[in-house]
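Here's the structure we're looking at; comments come further down.
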Amino acid sequence: MRQAISYIICLLLLAMSCKKEGDVYQVKDGSFNGNALSASSAAIVLAQADEEKEAVSFSWDAADFGEKPAVQYTLQLAVDTANSWSNAKSFSAGAGKTGYAFIGKDLNNMLNAMGLAAGTPSDIAVRIKAEVLQNNGTASTIKPVYSNTLLLEVTTYSLSLYIPGDYQGWNPAAAPLLNPVEGKPGLYEGYVYMPGSGAQYFKYTNAPDWDHTNYGDGGNGTFSTDGLAAGLSVPDGGYYQLTADLNNNKWTATKTSWSIIGDATPGGWDTDTQMAYDPDTQTWTLTCDMQAGGSFKFRANNAWAIDFGMDPATGKLVYADHPLLGYTPDLWNLSVPSSGNYTITLDLHISQQYTYTLTKN
């Protein structure tokens, strides 16, 4: 009896000391069923009035990789898949998730940044990428798989910020615009003349009224979308470059005066030749003698912080230096076709459509 009890105790101790091995699952090359991905709508018309509402949602059947692997799903969206998906935008849905949705303003911002023309129906392609996750963080040896591709028709709306303020009677419908910077989603930049002396207050609105999103002072150069927030402000009247970065809710205001500089100008590359602002025509002008053998640039505040060169492909003014947008390489300087006396005009009053003229007298 004593021997039998000892034997039973040994078996129990042995069982307690043994570690149970985890279940082993078989993982295989993945696949989706034929029409795994679907969308809530195939024709989407985005409107600013509905910018906070869901614009479209996507759902898909789980990919089959065998028994119980952790699968990561990524939604991919592209405007041109003729050659590849290399320029697609990707959005992680997360591990095991089988749905993803966009609200109107997020989808609109993205598609505008991808080059879709506002107000015109455009085709976009959407698919799901599925891949097996490794517990140790290393790359999976299982190749990712892709769902069927959906083609959707989307009409976006134009993106602009209105700038009502003291200087124009706080009327959003008549306010100048900050237009989006091409290729820089969420960034806006432009120029506004605010006459008078003393502090000037203003706000940004995303519609020509007070019924949508208003951007007031959030402190330390940030926005607040609280409708009761105080206005943004500058310390004195003048000609201001305004920026807005809606990616991080920041804004800037830089008072500017404009000049030309270069070996085509009277002052060469050492001394700026100043321009004068005409509020009636909303342009900067000067008249001076120019040399055809040299070149010049427009620059603000006698410094190389904000200045324009010329895009050789289009002949248009492009920022060579800009605090928000950075440096643009491979631009040309400007020039005159022949030596003589010129009236030079710089027009910055339409955001993102900056022009100049050279008129020989």
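Answer yes or no as to whether K184 is at negative phi, open to solvent by 60 Å² or more (accessible area, probe 1.4 Å), free of Cβ contacts under 8 Å to residues at least 60 places away in the same chain and within 20 Å of the chain's Cα centre (by Cα). Spell out the reasoning first.
On the way: at negative phi: yes; open to solvent by 60 Å² or more (accessible area, probe 1.4 Å): yes; free of Cβ contacts under 8 Å to residues at least 60 places away in the same chain: no; within 20 Å of the chain's Cα centre (by Cα): yes.
No; evaluated as a whole, the condition is false for this residue.
Out of (1) on the phi < 0 side of the Ramachandran plot; (2) assigned to a loop (DSSP other than H, G, I, E, B), what's the single condition that is false for W170?
Exception for W170: condition (1).
Go through region 37-49 and give me each residue that's at pLDDT below 85 and polar (S, T, N, Q). Can you show your working first?
Quick first cut of region 37-49, residues at pLDDT below 85 only: 48-49.
The one that is at pLDDT below 85 and polar (S, T, N, Q): Q48.
In region 165-180, is there at least one residue being closer than 30 Å to G238 by Cα and hydroxyl-bearing (S, T, Y)? Outline the logic, then answer.
Looking only at region 165-180, we keep the residues that are closer than 30 Å to G238 by Cα, and these are 165-180.
Right, trim to hydroxyl-bearing (S, T, Y) and you get 167.
Taking every residue of region 165-180 in turn, at least one turns out to be closer than 30 Å to G238 by Cα and hydroxyl-bearing (S, T, Y).
With A292, A313, A276 as the choices, which residue is surrounded by fewer than 13 Cβ atoms within 10 Å (Cβ to Cβ), more than 22 Å from the chain's Cα centre (by Cα), more than 21 Å from G165 (Cβ to Cβ) and in contact (Cβ under 8 Å) with a residue 40 or more places away in the chain?
Numbers: A313 fails: in contact (Cβ under 8 Å) with a residue 40 or more places away in the chain; A276 fails: in contact (Cβ under 8 Å) with a residue 40 or more places away in the chain.
The conditions single out A292.
Determine whether region 147-156 contains at least one residue that is in contact with a helix residue (DSSP H, G or I) (Cβ under 8 Å, 6 or more places away or on another chain), surrounded by 17 or more Cβ atoms within 10 Å (Cβ to Cβ), assigned to a loop (DSSP other than H, G, I, E, B) and in contact (Cβ under 8 Å) with a residue 24 or more places away in the chain. Step through it out loud before you land on a result.
Of the residues in region 147-156, the ones in contact with a helix residue (DSSP H, G or I) (Cβ under 8 Å, 6 or more places away or on another chain) are 154, 156.
Narrowing further to those that are surrounded by 17 or more Cβ atoms within 10 Å (Cβ to Cβ): 154, 156.
Filter once more, keeping what is assigned to a loop (DSSP other than H, G, I, E, B): 156.
Filter once more, keeping what is in contact (Cβ under 8 Å) with a residue 24 or more places away in the chain: 156.
Among the residues of region 147-156, at least one is in contact with a helix residue (DSSP H, G or I) (Cβ under 8 Å, 6 or more places away or on another chain), surrounded by 17 or more Cβ atoms within 10 Å (Cβ to Cβ), assigned to a loop (DSSP other than H, G, I, E, B) and in contact (Cβ under 8 Å) with a residue 24 or more places away in the chain, which makes the answer yes.
Taking the condition under 19 Å from the mean Cα position of the chain (by Cα), open to solvent by 60 Å² or more (accessible area, probe 1.4 Å), more than 28 Å from L346 (Cβ to Cβ) and modelled with pLDDT under 90, does N247 pass? Give the steps one after another, and end with the answer.
Working: under 19 Å from the mean Cα position of the chain (by Cα): yes; open to solvent by 60 Å² or more (accessible area, probe 1.4 Å): yes; more than 28 Å from L346 (Cβ to Cβ): yes; modelled with pLDDT under 90: yes.
Considered against the rule, which asks whether it is under 19 Å from the mean Cα position of the chain (by Cα), open to solvent by 60 Å² or more (accessible area, probe 1.4 Å), more than 28 Å from L346 (Cβ to Cβ) and modelled with pLDDT under 90, N247 comes out as yes.
Which one of T345, T357, T265, T271 is farther than 29 Å from S160 by Cβ and part of a strand (DSSP E or B)? Break it down stepwise before answering.
Details: T345 fails: farther than 29 Å from S160 by Cβ; T357 fails: farther than 29 Å from S160 by Cβ; T265 fails: part of a strand (DSSP E or B).
None of the others qualify; the one that does is T271.
Looking only at region 50-89, which residues are open to solvent by 60 Å² or more (accessible area, probe 1.4 Å), out of contact with any Leu (no Cβ under 7 Å at 6 or more places or on another chain), within 15 Å of L152 (Cβ to Cβ) and at pLDDT 85 or above?
E54
Is at least one residue of region 192-205 assigned to a strand (DSSP E or B), modelled with pLDDT of 95 or more, open to solvent by 30 Å² or more (accessible area, probe 1.4 Å) and farther than 25 Å from I103 by Cα?
yes
Consider T345 against the criteria (1) touching a residue at least 60 places away in the same chain (Cβ under 8 Å); (2) closer than 19 Å to P180 by Cβ; (3) open to solvent by 20 Å² or more (accessible area, probe 1.4 Å): it satisfies all of them except one. Which criterion is unmet?
Here T345 meets the rest and fails (2).
Considering only region 206-223, how many residues are polar (S, T, N, Q), in a strand (DSSP E or B) and open to solvent by 30 Å² or more (accessible area, probe 1.4 Å)? Even if it seems obvious, please write down each step before you answer.
Our first condition is that a residue be polar (S, T, N, Q); within region 206-223, this holds for 206, 213-214, 220, 222.
Filter once more, so that each one left must be in a strand (DSSP E or B): 214, 222.
Subsequent filtering for residues that are open to solvent by 30 Å² or more (accessible area, probe 1.4 Å) retains 222.
Residues that pass the stated criteria total 1.
Working only within region 212-242, note down all residues that are within 24 Å of the chain's Cα centre (by Cα) and closer than 30 Å to T287 by Cα.
Y240, Q241, L242
Looking at region 337-361 only, could you name the residues that are more than 22 Å from the chain's Cα centre (by Cα) and of a type in the set (V, I, T)?
Result: T343, I344, T345, T355, T357, T359.
Of everything in region 295-309, what is surrounded by 20 or more Cβ atoms within 10 Å (Cβ to Cβ), of a type in the set (A, V, I, L, M) and within 23 Å of the chain's Cα centre (by Cα)? Give them in sequence order.
Across region 295-309, the qualifying residue is only I306.
Look through region 250-262, keep the residues that are out of contact with any Lys or Arg (no Cβ under 8 Å at 6 or more places or on another chain), polar (S, T, N, Q) and outside any loop (DSSP other than H, G, I, E, B), and return whichever of them is surrounded by the most Cβ atoms within 10 Å (Cβ to Cβ). Let's see the steps before the verdict.
Narrowing region 250-262 to residues out of contact with any Lys or Arg (no Cβ under 8 Å at 6 or more places or on another chain): 250-257.
Narrowing the set further to residues that are polar (S, T, N, Q) leaves 252, 254, 256-257.
Keeping just the survivors that are outside any loop (DSSP other than H, G, I, E, B) gives 252, 254.
Working: T252: 14, T254: 18.
Looking at the filtered set, the residue picked out is T254.
How many residues does region 90-133 contain that are under 18 Å from the mean Cα position of the chain (by Cα) and at pLDDT below 90? First the steps, then the outcome.
In the first step, residues of region 90-133 are kept if they are under 18 Å from the mean Cα position of the chain (by Cα); the result is 90-91, 102-118.
Going one step further and asking which of them are at pLDDT below 90, we end up with 105-106, 108-118.
Number satisfying all stated conditions: 13.
The values are calculated or read from the model by the stated rules, or taken from the named source; none is laboratory data. Just so you know, these numbers come straight off a predicted model, no measurement behind them. All Cβ positions, glycine included, derive from the backbone under ideal geometry; neighbour counts span all protein chains shown. Protein only, heavy atoms only, side chains kept; ligands, DNA and RNA dropped before computing areas. Shrake-Rupley method; radii C 1.70, N 1.55, O 1.52, S 1.80 Å.
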